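Here the structure comes first, spelled out in structure tokens, and everything after it is commentary.
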Amino acid sequence: MGCFVIHFYIFVNTHRNLIMSETASFTLDGNKFEFPVITGTENEKAIDISKLRDQSGYITLDPGFKNTGATKSAITFLDGEKGILKYRGYKIEDLAEKSTFLEVAYLLIFGNLPSKEVLEQFRTDIKKQMMVHEDMKMFFSGFPSKSHPMGQLSCLVGALSAFYPESLNPNQSEEEEYKTIINLLGKMPTIVSWIQKKSLGHPVVYPKKDLGYIDNFMNMIFGEVNCDKIFDEAVLDAMRILLILHADHEQNCSTSTVRIVGSSNANLYASVSAGINALWGPLHGGANQAVIEMLEDIKNDGGDVEKYLAKAKDKNDPFRLMGFGHRVYKNFDPRAKIIKKACDDVLEKLGVEDPVLDIAKGLEKAALSDQYFIDRKLYPNVDFYSGIIYRALGFKSDMFTVLFALGRLPGWIAQWKEMRDNKEPIGRPRQVYTGETDRTYPDDTQR
Ligand code: SDX
């Protein structure tokens, strides 16, 4: 039998500053245990149970880690109840309006906004790394042309470790680590463009020295070897906003994967390749592709949103409203609000009429007034509208999650770097064993 009490102890130090230090105590099997309470800079509180098993013999159990903090991090803060998202203390709304993707990447990875000179050097260093070793095409040529882009991406990113063996050194100097980071930031957009070109059977387009990060990427995707593609500013700005909004999101499934793989001293390419695979799942980053497929199904089935809301609520129906709900946000995902507005702007500027946009808006309106969704605090998330923009920009739906990965890359790098800088231990969760206990190995006559 145990009971759980939080005690507040007030210590007054010699400088008369009040230091509020809390502890949490509980009794188990008649023994009293006390553990420190940690308060983050945004006043989140956690009970530090790092000595729980040593002191009590007990572990905690928390499937999906809904109540478990894996680390302390200074990179991204989100408040799910209030719908707040900040990168290194800057509101996502301000960054989406005023910043650039590479400036946000620098901010996430190194902790502060760079000066103009530092940002220019960062940009130059990355651009120098955008060419990919021609021998990488030998892996690439083996993929069937219809194979899913996320499988190709994770394979090619992991393969970079073969071409840059110095990255395998877990004790890289800061300078060597910077080179690995820059190399991956430079090569990812080129690799993504190779995947797009392969799906079309077109020759790849190489990066150009006179283009910026996003227009280089878009030219490698939509340009041709015999002619560059000129883009409407609205298109480039939509990509800028989408990449910034996807850049990091604290300890989500794929980022936790990058951190735990990196915690074994695996190199950055291997850790990010693992993160790409985690992001692929339709419950996570794969949702942006699943949303468009869902909206298309609803459109082709006559556009009856009420029918699909009923399916989403029916426990006997495996159908889920893709792009709705979130493990942390129990309010609007701030990114979804920004993307929804960008969606309207881009489609209007490009003169694109996409019937699934009206279906998405009808679905959102109906769900937000439906008691099932209200009771469970299910709101549109980042994936609900993003696919509509990607499609308006000319991407096929199986490329949407690859675009999510391109945006998330700086966040994965920042989190992997923070985990290493903080010298965090290898991630190795415990379990509660529920299987067979002592069994005798039978001789042949007994089975
Ligand atoms: C991303 O973590 C991150 O930060 C991720 C991300 C990032 O930037 O990295 O924000 C990106 O992954 C966004 C989420 C994309 N996924 C989807 O849109 C897929 C659809 N959504 C769900 O499957 C679900 O909402 C999750 C996976 C996102 C969250 O699942 P949880 O937190 O484990 O919640 P749950 O499954 O326990 O659901 C709680 C209740 C259940 O009903 P009851 O058992 O209480 O009756 O809500 C229901 C669920 O059935 N529910 C849904 C629903 N989502 C939750 N019912 C219908 N449709 C949905 N979409």
Members of region 70-104 that are more than 16 Å from the ligand (Cβ to nearest atom) and not charged (D, E, K, R): ALA74, GLY89, TYR90, SER99, THR100, LEU102
Residue match in region 297-318 (condition: in the same structural domain as LYS396 (by the TED database), open to solvent by 60 Å² or more (accessible area, probe 1.4 Å) and under 30 Å from GLU97 (Cα atoms)): no
Filter result for the condition that a residue is touching an Asp or Glu at 6+ places or on another chain (Cβ under 7 Å), at pLDDT 95 or above and not assigned by the TED database to the domain that holds GLY407, over LEU85, LEU108: LEU108
Search result, residues across region 367-402 that are among the charged types (D, E, K, R), part of a helix (DSSP H, G or I) and within 13 Å of the ligand (Cβ to nearest atom): ASP375, ASP383
Some residue of region 68-89 being more than 28 Å from ILE244 (Cβ to Cβ) and not acidic (Asp, Glu): yes
Residue pairs meeting the criteria (Cβ under 7 Å; at least 6 apart or on separate chains; first at negative phi and small (Gly, Ala, Ser), in region 285-306; second assigned to a helix (DSSP H, G or I) and within 13 Å of the ligand (Cβ to nearest atom)): GLY285/SER254; GLY285/LEU279; GLY285/THR401; GLY285/PHE404; GLY285/ALA405; GLY286/TRP280; GLY286/THR401; ALA287/ASP383
In region 309-345, the residues that are of a type outside the set (Lys, Arg), in contact with a helix residue (DSSP H, G or I) (Cβ under 7 Å, 6 or more places away or on another chain), within 10 Å of the ligand (Cβ to nearest atom) and part of a helix (DSSP H, G or I): LEU309, ALA336
Qualifying positions in region 56-71 - out of contact with any strand residue (DSSP E or B) (no Cβ under 6 Å at 6 or more places or on another chain) and either surrounded by 12 or more Cβ atoms within 10 Å (Cβ to Cβ) or hydroxyl-bearing (Ser, Thr, Tyr) (or both): TYR58, ILE59, THR60, PHE65, THR68, ALA70, THR71
Members of region 5-44 found to be of a type in the set (A, V, I, L, M, F, W, C) and either at pLDDT 65 or above or surrounded by 11 or more Cβ atoms within 10 Å (Cβ to Cβ) (or both), listed by number: VAL5, ILE6, ALA24, PHE26, LEU28, PHE33, PHE35, VAL37, ILE38
Filter result (buried (at least 23 other Cβ atoms within 10 Å of the Cβ), away from the ligand (no atom under 16 Å from the Cβ) and among the hydrophobic types (A, V, I, L, M, F, W, C)) within region 262-294: LEU268
Answer from GLU364, GLU348 - the residue that is more than 10 Å from the ligand (Cβ to nearest atom) and over 22 Å from LEU85 (Cβ atoms): GLU348
Count of region 130-189 residues which are outside any helix (DSSP H, G or I) and within 22 Å of VAL261 (Cα to Cα): 6
In region 189-211, the residues that are open to solvent by less than 10 Å² (accessible area, probe 1.4 Å) and either of a type in the set (Phe, Trp, Tyr) or in contact with a Leu (Cβ under 9 Å, 6 or more places away or on another chain) (or both): PRO189, ILE191, VAL192, TRP194, ILE195
Residues that are within 17 Å of ARG428 (Cα to Cα) and among the polar types (S, T, N, Q), drawn from region 254-275: SER254, THR255, SER256, THR257, SER263, SER264, ASN265, SER271
Residues located in region 223-239, provided they are surrounded by fewer than 18 Cβ atoms within 10 Å (Cβ to Cβ) and either at pLDDT 95 or above or outside any loop (DSSP other than H, G, I, E, B) (or both): GLU224, CYS227, GLU233, ALA234, LEU236, ASP237
Pairs, first farther than 19 Å from LEU403 by Cα in region 171-199, second assigned to a helix (DSSP H, G or I), C-beta under 7 Å, six or more apart: GLN172/THR180; GLU176/GLU166; THR180/SER167; THR180/LEU268
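The values are calculated or read from the model by the stated rules, or taken from the named source; none is laboratory data. Please read these numbers as outputs of a predicted model, since none were measured by experiment. With ideal geometry, Cβ positions are generated from the backbone for all residues, glycine too; neighbour counts draw on all protein chains shown. Heavy atoms of the whole protein, side chains included, go into the accessibility calculation; ligands, DNA and RNA do not. Shrake-Rupley method; radii C 1.70, N 1.55, O 1.52, S 1.80 Å.
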